[in-house]
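Please treat every number below as a calculation from the coordinates, not as lab data. Because the structure is predicted, anything quoted here is derived from the model rather than measured. Neighbour counts run over all protein chains shown; Cβ positions are idealised from the backbone, glycine included.
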Amino acid sequence: MNRKLRMGMVGGGPDAFIGEVHRKAARMDGDIELIAGAFSSDAAKSRQAGATLCLDPARVYPSYARMIEEERRLGPDKRIDFVTIVTPNHLHFPIARDFLKAGFHVIVDKPMTLDAREAIELQTIVRETGLVLALTHNYTGYPMVKLARDIVRQDDLGKIRKIVVQYPQGWLSLPLEQEGVKQAQWRTDPKRQGPSGCIQDIGSHAENLAEYITGLQIKEVCADLTSFVEGRQLDDDGNCLVRFEGGAKGILFASQVSVAHENDLAIWVHGEKGSLEWHQENPNYLYEYRIDEPVRTWRRGNGCVAAKSPAAGKATRIPFGHPEGFIEAFANVYLNAAAAIRAHVERKEWDPAEHDYPTVDDGVRGMRFIEAAVESSRQGATWVSV
């Protein structure tokens with residue numbers, strides 16, 4: 001197939017931050033072309049976004065339902081191959097469900113759905129249709145995160161004992177939702193955000209990162225969730241003790257009222273023989289510690305990284321010494337998901353294990369963790385099974 005994959009988008013209209021991030025990430029490798037979209041529930045704003053993106057007005061739709069209807073009428077040589085969903089959380093499930101049932105692959109922003117019930121139903125649909133659903137837990141796209149995962153896989157740390165993962169921000173320290181800030185309004189609204197605020201928004205990234213690097217799933221959580229800002233309906237701070245399969249213990253905390261913190265996602269993994277440390281705000285370095293040995297600093301782009309972890313080498317885009325970060329990590333998720341979608345389009349055999357991107361199963365795990373954390377906090381910080 002000598003053509004680019006054809007992409008549609010739902011959401012991501014004027015002034016939408018994450019929609020433009022997705023578009024930049026999708027364009028980066030030259031294999032994907034955005035050709036259609038329903039960019040807003042407001043038809044005029046959708047047309048405005050389409051014009052800004054220089055799309056054919058006939059492929060800019062007033063609703064996602066109309067988009068499905070019209071795209072299905074087009075022949076396989078013209079219709080979109082997949083859709084990216086970048087709406088508020090409450091719309092993820094119905095849009096993903098309807099596009100999958102109409103025969104289109106899906107890439108959806110996290111969290112995958114509003115609740116676990118929707119996530120499990122979506123998982124069933126993906127299995128029944130055999131289509132690709134990729135979830136943009138973009139932090140898994142960083143080369144040094146992939147290196148960390150492979151160091152753990154190769155048993156360099158020995159049996160994992162303790163995992164500490166944090167994600168503090170400070171952007172919701174003030175009641176921005178009461179001041180008309182759109183991003184704050186829907187993220188603090190239970191009907192659009194879901195049962196949790198902070199844990200659902202960014203704690204889900206911490207959960208995913210811990211499970212991705214260690215390969216261990218969280219079995220139980222003991223959570224204390226708080227809404228510090230007066231009048232806020234959902235938690236803006238969460239502190240969790242977690243128990244992993246295999247006996248490892250952990251601490252997971254996320255906060256959106258940590259003044260002066262920007263996007264401070266970080267993780268520490270401690271095993272019998274050594275430890276790892278990685279910080280998202282300084283993502284090109286991974287620190288490895290061994291008993292009675294000097295600190296080993298793995299630096300992205302060096303040949304030793306690719307030799308240790310081919311996945312990290314593949315995810316590295318520019319030479320060492322040049323900063324590489326957020327957009328590139330997002331693009332790595334798109335690159336791997338696109339390879340799986342292309343295999344479907346070309347009707348070729350493919351091995352899911354070779355396509356390193358978060359799937360519907362990761363989405364289900366995330367929603368179960370969120371709901372377990374909410375229930376634990378509701379019960380007064382008791383242990384709840386995930």
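Structure notes:
- Approximate spin-label separation residue 293-residue 264, in nm, with each point projected 7 Å along Cα-to-Cβ: 3.0 nm
- Cβ-placed point charges (K, R +1; D, E -1), dipole of the stretch 157-252 about Cα centre in debye, nearest 20: 440 debye
- Under the convention that each Lys and Arg Cβ holds +1 and each Asp and Glu Cβ holds -1, the size of the dipole of the chain around its Cα centre is about 900 debye.
- The phi torsions of the stretch 49-62, fed into the Karplus equation with coefficients 6.51, -1.76 and 1.60 and a -60° offset, translate into couplings of 5, x, 5, 4, 8, 6, 8, 4, x, 5, 9, 10, 10, x Hz, rounded to whole numbers, with Gly and Pro shown as x.
- The stretch 258-299 and the stretch 53-67 have Cα centres spaced 44 Å apart.
- Dividing the alpha-carbon radius of gyration of the stretch 222-282 by the rule-of-thumb value 2.2 N^0.38 Å gives 1.38.
- Only Lys, Arg (+1) and Asp, Glu (-1) charged, at Cβ; the stretch 220-319 dipole about Cα centre in debye: 780 debye
- Nearest-0.05 FRET efficiency for residue 281 and residue 227, computed from C-beta distance (R0 30 Å): 0.70
- Hz values of 3J(HN,Hα) by residue in the stretch 65-76 - Karplus curve (6.51, -1.76, 1.60), Gly and Pro given as x: 5, 5, 4, 4, 4, 6, 5, 5, 6, 6, x, x
- Three-way shape label, the stretch 173-232, alpha-carbon gyration tensor, a/c 1.5: prolate
- Compared with the alpha-carbon gap, the fully stretched path from residue 322 to residue 182 is longer by 47.0 nm at 0.36 nm per residue.
- Taking the alpha carbon gyration tensor of the stretch 62-221, multiplying each eigenvalue by 5 and rooting it gives semi-axes of 31, 24, 14 Å, largest first.
- Beta bridge orientation in the chain: antiparallel %, DSSP, nearest 5: 60 percent
- Estimated Rh, the chain: Kirkwood, alpha-carbon pairs, angstrom: 21.5 Å
- Shape of the stretch 143-298, Cα gyration tensor, a/c cut at 1.5: prolate
- Taking all C-alpha pairs of the stretch 1-148, those more than 19 Å from each other amount to 51 percent.
- Protection proxy ranking, peptides 307-314, 369-376, average beta carbon neighbours within 10 Å, highest first: 369-376, 307-314
- Counting every alpha-carbon pair across the stretch 274-381, the share separated by more than 19 Å comes to 63%.
- Cα gyration tensor shape for the stretch 1-49, rounded if a/c is under 1.5, else prolate or oblate: oblate
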